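The values are calculated or read from the model by the stated rules, or taken from the named source; none is laboratory data. Values in this document were obtained by computation on a predicted structure and should not be read as measured data. Positions of Cβ are backbone-derived with ideal geometry, glycine not excepted, and every protein chain shown enters the neighbour counts.
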Amino acid sequence: MSYLKLSSLKKTYPNGVTAVKDLDLEIEKGEFVVLLGPSGCGKTTTLRMLAGLEEVTEGSIILDGKDITRLPPRQRNISMIFQSYAVWPHMTVAENIAYPLRLRKMDKKGIASKVQEVARICNIADYLDRYPAQLSGGQRQRVAVARALAVNSKLSLMDEPLSNLDAKLRVSVRTFLKEIHRNTGATTIFVTHDQAEAMALADRIVVMNEGRIEQVGSTREIYSECGSLFTAQFMGTPPANIQRVALASTRGRLVAAAKDAGAALDLGDQSAFPAIGRLTGGEVFLAVRPENIGIVEPNGINETSIEIVEPQGAYTILVSHVLGSEWKIMLEGDVDIRIGQKVSLKIDPAKVMLYDVQTTKRISLS
Ligand SMILES: Nc1ncnc2c1ncn2[C@@H]1O[C@H](COP(=O)(O)OP(=O)(O)OP(=O)(O)O)[C@@H](O)[C@H]1O
Ligand SMILES: [Mg+2]
């Protein structure tokens, strides 16, 4: 049996908005799970139900073998870190960390040594006598983490804890959180709408959309084997190029044609697509990640011209018209290419993703 089990969890707010619809999720002890999804998809609502801050409309929450669905927050032994710095401004760093321990009636000596221990782990031991206003944003968020760590809770919930930090600090606190997790093994559910953050931190990512789970998987699965069109559109910077196409087999090649554009794209030798018989004739959504497209000298196949060149240092993004739409191509390094230059596009057939036009679910190519 899993450590945390959410079964058919549902939340309808008093105003009639159903923010979470039928959520099923199992989490193992020690996992770092990230809930990822666009604004309003129900991430915070899910966390608040777990913490007991929001009543569950239907379904159940089992934590470590115990049904906690209706327990008040204090009896759940769950810690929560919010987006805003959830530290008390009128208490010093040491008092902030000690406060939940005092509530739990820990003795003075125990509290003092626990404060020292977590302050050392979180690298704030030098600031124990300061007030939050005398700390930087990143230091304040580390205090919040230290306070959560000190109580040894069964489950650690974090709702966009990095979103108030500037870009550079976000990355360093992110690395810090990952180290903390490696050292403590605390079961953690972390909420973000930032996919880079999700991919960097997660053992498993849960992609949410409109109150439902779209896909659960490792970073690699979520990114390279998107189970639905939604995930393919959501993941990646820039995201996958997506187009509704008809598939045909022409002289041993698999070709995608866009109806209105009168344009076609060669996807590669049809031997790369064992399911070819099932695929041709009908319409599908084609998704190709920008980094899975290469360019070669014009050779008569997929010829196009480059319209925009965006150097990014480590990589270069090119924009070109493919199948009547603007597609993005991502090449490693600083590429020497002119605007207007003619090239041939080479798609990696093993990385092509196809989706059913009705269900928008992934179609297996093998
Ligand atoms: N107290 C409330 N009463 C009514 N509706 C609410 C309440 N809180 C949230 N909602 C609605 O429930 C839906 C989910 O909100 P939630 O805060 O869980 O989203 P989220 O995924 O955390 O979004 P964000 O990334 O913007 O924080 C939204 O449509 C929101 O407007
Ligand atoms: Mg939220």
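Within segment 87-105, does at least one residue satisfy the condition of being surrounded by 19 or more Cβ atoms within 10 Å (Cβ to Cβ) and within 15 Å of Leu157 (Cβ to Cβ)? The answer is no, given that none of the residues of segment 87-105 is surrounded by 19 or more Cβ atoms within 10 Å (Cβ to Cβ) and within 15 Å of Leu157 (Cβ to Cβ).
Within segment 65-89, how many residues are in contact (Cβ under 8 Å) with a residue 24 or more places away in the chain and either away from ligand 1 (no atom under 16 Å from the Cβ) or under 18 Å from Thr188 (Cα atoms) (or both)? Please lay out each step first, then the result.
Here is the first cut: in segment 65-89, the ones in contact (Cβ under 8 Å) with a residue 24 or more places away in the chain are 65, 76-89.
The next check asks that each one be either away from ligand 1 (no atom under 16 Å from the Cβ) or under 18 Å from Thr188 (Cα atoms) (or both); those that pass are 65, 76-83, 85-89.
So the count comes out to 14.
The combined condition, being within 16 Å of ligand 2 (Cβ to nearest atom), outside any loop (DSSP other than H, G, I, E, B) and of a type in the set (Phe, Trp, Tyr), is fulfilled by Phe190.
Would you call Lys21 assigned by TED's automatic domain parsing to the domain that holds Ala200, surrounded by 22 or more Cβ atoms within 10 Å (Cβ to Cβ), within 12 Å of ligand 1 (Cβ to nearest atom) and not β-branched (Val, Ile, Thr)? Against the criterion (assigned by TED's automatic domain parsing to the domain that holds Ala200, surrounded by 22 or more Cβ atoms within 10 Å (Cβ to Cβ), within 12 Å of ligand 1 (Cβ to nearest atom) and not β-branched (Val, Ile, Thr)), Lys21 does not qualify. Which residues, taken from segment 24-43, are within 6 Å of ligand 1 (Cβ to nearest atom), on the phi < 0 side of the Ramachandran plot and surrounded by fewer than 19 Cβ atoms within 10 Å (Cβ to Cβ)? Of everything in segment 24-43, just one residue is within 6 Å of ligand 1 (Cβ to nearest atom), on the phi < 0 side of the Ramachandran plot and surrounded by fewer than 19 Cβ atoms within 10 Å (Cβ to Cβ), namely Ser39. All of (1) assigned to a loop (DSSP other than H, G, I, E, B); (2) at pLDDT below 95; (3) out of contact with any helix residue (DSSP H, G or I) (no Cβ under 6 Å at 6 or more places or on another chain) hold for Arg70 with one exception: (2).
Each row is one residue, and each column tells you yes or no for (1) under 21 Å from Gln233 (Cα atoms); (2) among the basic types (Lys, Arg).
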{"residue": "Phe273", "(1), (2)": "no, no"}
{"residue": "Gly300", "(1), (2)": "no, no"}
{"residue": "Ser305", "(1), (2)": "no, no"}
{"residue": "His321", "(1), (2)": "yes, no"}
{"residue": "Lys351", "(1), (2)": "yes, yes"}
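Taking the conditions (1) within 16 Å of ligand 1 (Cβ to nearest atom); (2) without any contact (Cβ under 8 Å) to a residue 40 or more places away in the chain; (3) assigned to a helix (DSSP H, G or I) in turn, Gln139 satisfies each one other than (1). In summary, Met106 fulfils each of the numbered conditions (1) aliphatic (A, V, I, L, M); (2) in contact with a strand residue (DSSP E or B) (Cβ under 6 Å, 6 or more places away or on another chain); (3) not in a helix (DSSP H, G or I) with the single exception of condition (2). Condition check: farther than 24 Å from Glu28 by Cβ, in a helix (DSSP H, G or I) and in the same structural domain as Leu63 (by TED's automatic domain parsing). Does Arg174 satisfy that? No, not satisfied.
Please find, among Val17, Val34, Val93, the residue that is within 16 Å of ligand 2 (Cβ to nearest atom), over 22 Å from the mean Cα position of the chain (by Cα) and modelled with pLDDT of 95 or more. Steps first, please.
On the way: Val34 fails: over 22 Å from the mean Cα position of the chain (by Cα); Val93 fails: within 16 Å of ligand 2 (Cβ to nearest atom).
None of the other options fit; the residue is Val17.
Per the conditions (1) within 16 Å of ligand 2 (Cβ to nearest atom); (2) assigned to a helix (DSSP H, G or I); (3) small (Gly, Ala, Ser), the sole criterion not satisfied by Ser163 is (2).
Residues are listed down the side, and each one gets a yes or a no for (1) within 16 Å of ligand 1 (Cβ to nearest atom); (2) free of Cβ contacts under 8 Å to residues at least 24 places away in the same chain; (3) of a type in the set (D, E, K, R):
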| position | (1), (2), (3) |
| --- | --- |
| Pro100 | no, no, no |
| Ala112 | no, yes, no |
| Ala119 | no, no, no |
| Ala125 | no, yes, no |
| Lys154 | no, no, yes |
| Met158 | yes, no, no |
| Phe176 | no, no, no |
| Ile189 | yes, no, no |
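Is it true that Ser172 is among the hydroxyl-bearing types (Ser, Thr, Tyr) and more than 16 Å from ligand 1 (Cβ to nearest atom)? Walk me through how you get there before you give the answer.
On the way: among the hydroxyl-bearing types (Ser, Thr, Tyr): yes; more than 16 Å from ligand 1 (Cβ to nearest atom): yes.
So Ser172 fits the description; yes.
Of all the listed residues (Leu135, Leu157, Leu101, Leu128), the sole one being within 19 Å of Glu54 (Cβ to Cβ) and either more than 16 Å from ligand 2 (Cβ to nearest atom) or assigned by TED's automatic domain parsing to the domain that holds Leu50 (or both) is Leu157.
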